[in-house]
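The structure under discussion appears below in the form of structure tokens.
The values are calculated or read from the model by the stated rules, or taken from the named source; none is laboratory data. Just so you know, these numbers come straight off a predicted model, no measurement behind them. Positions of Cβ are backbone-derived with ideal geometry, glycine not excepted, and every protein chain shown enters the neighbour counts.
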Amino acid sequence: MVDRCDAVSGRCARSLCKSAQQNREAGSLGCQGVDGRVPSVGLAGGVKKAKAHHRGASQDLRRQESLPVILAELRSAIPAGRVLEITTTIGCIVGCSYCPQDKFADRQRKVSHAKHLRLEDFKRCLARVPTSVDIGFAGYSEPWLNPDCTEMVEHAFAKGHGIRIFTTLVGMNKEDLQRLRALRLGVFVVHVFDDGTYMNSRLVGNKYRDLVRQLVDAEIPSIQFVVLGEPHPDVVDIIPAKALVQARPVSSRGGSVDPRIVAPRQPVVGALTCVDERQYRNVLLPNGDVTLCSMDFERRHVLGNLLCDGYSDLFGKPVFCEIVDRMNGADGFLLCRMCEFADPNDRT
Ligand code: SF4
């Protein structure tokens with residue numbers, strides 16, 4: 001049973017983490033979306049072309065199916081505990097075909113016109129979050145598409161939060177990297193560009209290659225390079241093969257991803273458990289809203305708003321209490337039922 005609990009600094013009295021092998025095999029990138037300062041190519045046109053390319057990619061997908069689905073190496077390197085992931089911007093030019101970014105943007109624009117999370121709003125929200133909660137720069141879009149992202153990371157670090165970064169490097173430049181190197185980063189996952197099967201290869205240019213090279217040379221202890229699919233041919237000579245975790249997209253994002261790319265799972269009936277306790281890895285949006293987790297691209301469970309609610313209030317409001325009741329088997333819509341991280345409690 002899932003407890004409604006909850007002391008901010010603690011875990012639930014009863015463990016939620018009863019993992020199933022099926023779910024152990026699911027990948028866990030925040031934004032599965034990776035590059036250097038956005039190159040000067042026509043980006044909108046690039047995304048359109050990428051999307052057209054994605055439509056014709058089904059033959060390639062068969063080849064990708066031979067890739068491992070297990071990201072155990074990566075997941076074991078990511079610590080447990082509470083996290084607030086930051087979605088710094090709405091809309092993402094990376095255009096990974098396994099990311100339901102458009103659905104998120106459509107839903108979000110109906111409630112707010114804020115494109116970027118403003119630095120001052122980030123600071124106001126963060127002031128409400130205990131330092132025991134790690135801050136993850138991932139969310140539903142590429143974090144460095146917001147020009148204030150590095151400053152946000154520095155601010156959160158200075159306040160004493162553990163820092164987790166998941167990035168494609170798109171929007172980042174060499175100076176950003178220098179500043180990040182000066183910090184102690186708990187998790188630093190670089191989502192490497194694939195060969196164009198799922199991602200927009202036009203974002204791979206000399207700046208991106210230079211940035212990747214700089215990162216490899218920097219020897220940041222926590223760094224992990226991950227590619228979903230085959231790595232882009234322009235980076236295979238830069239990233240040592242043993243430093244690159246290769247997998248294929250495995251999460252349907254609660255059924256939000258195009259089913260031709262990741263088929264939705266069979267819905268879980270009855271009580272369930274989130275294998276990574278991700279109901280405590282919530283996502284802050286640019287308007288201050290907080291959604292359940294990194295699977296909730298369609299804002300199905302909005303817990304509250306950190307511009308006006310305290311962090312612990314998020315877990316005492318009706319929305320979170322309903323989620324807990326439904327995880328314990330009550331009727332009503334629950335995103336987890338369609339999520340690869342949900343483990344049915346009754347496995348008979
Ligand atoms: S949707 Fe539910 S089961 Fe899936 S990661 Fe989020 S909290 Fe966990």
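I'd like to verify a number: residues in the range 234-269 that are in a loop (DSSP other than H, G, I, E, B) and either within 15 Å of residue 191 (Cα to Cα) or at pLDDT below 85 (or both), how many?
24
Taking the stated definitions as given, is residue 275 surrounded by 22 or more Cβ atoms within 10 Å (Cβ to Cβ) and more than 11 Å from the ligand (Cβ to nearest atom)?
no
Checking the condition hydrophobic (A, V, I, L, M, F, W, C) and within 21 Å of residue 96 (Cα to Cα), which residue from 216, 245 passes?
245 is the lone residue from the list that is hydrophobic (A, V, I, L, M, F, W, C) and within 21 Å of residue 96 (Cα to Cα).
I'd like to verify a number: residues in the range 294-338 that are touching a helix residue (DSSP H, G or I) at 6+ places or on another chain (Cβ under 7 Å), among the basic types (Lys, Arg) and in a helix (DSSP H, G or I), how many?
So the count comes out to 0.
Against the definition (out of contact with any Asp or Glu (no Cβ under 8 Å at 6 or more places or on another chain) and either farther than 28 Å from residue 184 by Cβ or within 16 Å of the ligand (Cβ to nearest atom) (or both)), how does residue 217 come out, yes or no?
It is false that residue 217 is out of contact with any Asp or Glu (no Cβ under 8 Å at 6 or more places or on another chain) and either farther than 28 Å from residue 184 by Cβ or within 16 Å of the ligand (Cβ to nearest atom) (or both).
Output the residues belonging to the range 296-348 that are more than 23 Å from residue 138 (Cβ to Cβ) and in contact with a Pro (Cβ under 9 Å, 6 or more places away or on another chain).
Hit for the range 296-348 is 337, nothing else.
Checking residue 295 against (1) at pLDDT 95 or above; (2) within 10 Å of the ligand (Cβ to nearest atom); (3) touching a Gly at 6+ places or on another chain (Cβ under 9 Å), which single condition isn't satisfied?
(1)
Output the residues belonging to the range 301-323 that are surrounded by 20 or more Cβ atoms within 10 Å (Cβ to Cβ), in contact with a Lys or Arg (Cβ under 7 Å, 6 or more places away or on another chain) and hydrophobic (A, V, I, L, M, F, W, C).
If the condition is that a residue be surrounded by 20 or more Cβ atoms within 10 Å (Cβ to Cβ), in contact with a Lys or Arg (Cβ under 7 Å, 6 or more places away or on another chain) and hydrophobic (A, V, I, L, M, F, W, C), then 303, 306 are the ones that fit.
State the number of residues belonging to the range 302-348 that are of a type in the set (S, T, N, Q), more than 14 Å from the ligand (Cβ to nearest atom) and modelled with pLDDT of 95 or more.
Qualifying residue count for the region: 2.
Output the number of the condition that residue 286 fails; it satisfies all remaining conditions of (1) assigned to a helix (DSSP H, G or I); (2) away from the ligand (no atom under 16 Å from the Cβ); (3) of a type outside the set (Phe, Trp, Tyr).
It is condition (1) that residue 286 fails.
Considering only residues of the range 129-165 that are of a type in the set (Phe, Trp, Tyr) and modelled with pLDDT of 95 or more, which is farthest from residue 224 (Cα to Cα)?
Per the stated criteria, the residue is 157.
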